[in-house]
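The values are calculated or read from the model by the stated rules, or taken from the named source; none is laboratory data. As the structure is a computational prediction, the values presented were derived from the model and not from experiment. Every residue, glycine as well, gets a Cβ built from its backbone with ideal geometry; the counts of neighbours run over all protein chains shown. Each accessible area value is taken on the protein alone, full model and side chains, heavy atoms only, with ligands, DNA and RNA left out. Shrake-Rupley method; radii C 1.70, N 1.55, O 1.52, S 1.80 Å.
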Amino acid sequence: MAEDLHKDKVTRGQFVWMGVGGGIMGATLGIPSAVYVLDPAIKQKFAGGSDIPDDWILAGSVFEIPSESVKVYKVEFPQKQTYDGGGEVLDEGELILAVLMSWEEGKMPPLLEGRGRADLSESETKELSKSLSVFSNHCAHLGCPVRWFPERKEILCPCHGGIYDINGGYIGGPPPRGLWPFAFEIRENGDVYVKHEFPGPGSKPYVV
Ligand code: FES
């Protein structure tokens, strides 16, 4: 089940400390995540493996994503840790990742404006899917956790100054590309489900 992690705005001083913490987190959380992301290129170098089922996991709702902002959810993906080719299951648990969501250029689709929670038609879910960006908070450089700064209207990486736009697209700094997009689908009730599957460079709306 997803948890809403949207935070209040951060001061410049807090951002500096976040950089220190982010560096540490990048070494502990970011790199394992990068391994999953880069799979299968890296997998062969490890004796063990990690099996994350190809299931849709509830992450959030289109009715919770505001204009001009990025909504952050914590999502738990079930995971089995295996060894030596994936035969023996050593452990089972969850891989917890932050999933970021925003509307294209921060503009909420007109069909949601002033509308309460109500079921969506098939054509409406399709229309919303074209406007929604769902992406990872792990920087595309070395995996540090990035964060939305409303006063700048940008997503910033505290480790080496990577800058992304509201939809995770690359703006500047060391990252070679935009943030990784998650595969997602919008259900009839407006819930957004994600898969631990990354369509990769070139997917809407990221630019390499
Ligand atoms: Fe984000 Fe280096 S890890 S800019």
**Report entry** Heavy-atom accessible surface of segment 50-208: percent carbon and sulfur, 1.4 Å
**Finding:** 48
Report task. Extending each Cα 7 Å along its Cβ direction at L111 and A183, get the distance between those two points in nm, one decimal. Result -> 2.3
Report summary line: Listed by chain and number, the residues whose amide H is under 5 Å from that of G162, excluding neighbours fewer than 5 places away on the same chain and using placed H, are C157
Query raised in the report: Given 25 °C and 0.890 mPa s, how large is the Stokes-Einstein diffusion coefficient of segment 89-208 in µm²/s, with Rh as the Kirkwood radius over Cα pairs?
Result: 159
Report summary line: Candidate cut points under trypsin sites (Lys or Arg not before Pro) in segment 71-136, DSSP loop plus at most 15 other Cβ atoms within 10 Å of their own Cβ, are K107, R115, R117
Report summary line: D (µm²/s, integer) via Stokes-Einstein for segment 59-136, Kirkwood Rh across alpha-carbon pairs, 25 °C, 0.890 mPa s: value 166
**Report entry** Note, ³J(HN,Hα) from phi for segment 166-172, Karplus 6.51, -1.76, 1.60, rounded to Hz, x at Gly and Pro
**Finding:** 5, 9, x, x, 5, 10, x
Query raised in the report: Which of the aspartates and glutamates could a cross-linker span from K107 if the Cα-Cα distance has to be under 20 Å and same-chain partners fewer than 8 positions apart are dropped?
Result: E64, E68, E124, E127, E151, E154, D165, E185, D191
Report summary line: Ignoring ligands and nucleic acids, W180 exposes an accessible area, probe 1.4 Å, in Å² to the nearest 10, of 50
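Say the cut-off is 30 Å between C-alpha atoms; which of K126/K153; K80/K130; K74/K130 go over it?
Beyond 30 Å: K80/K130.
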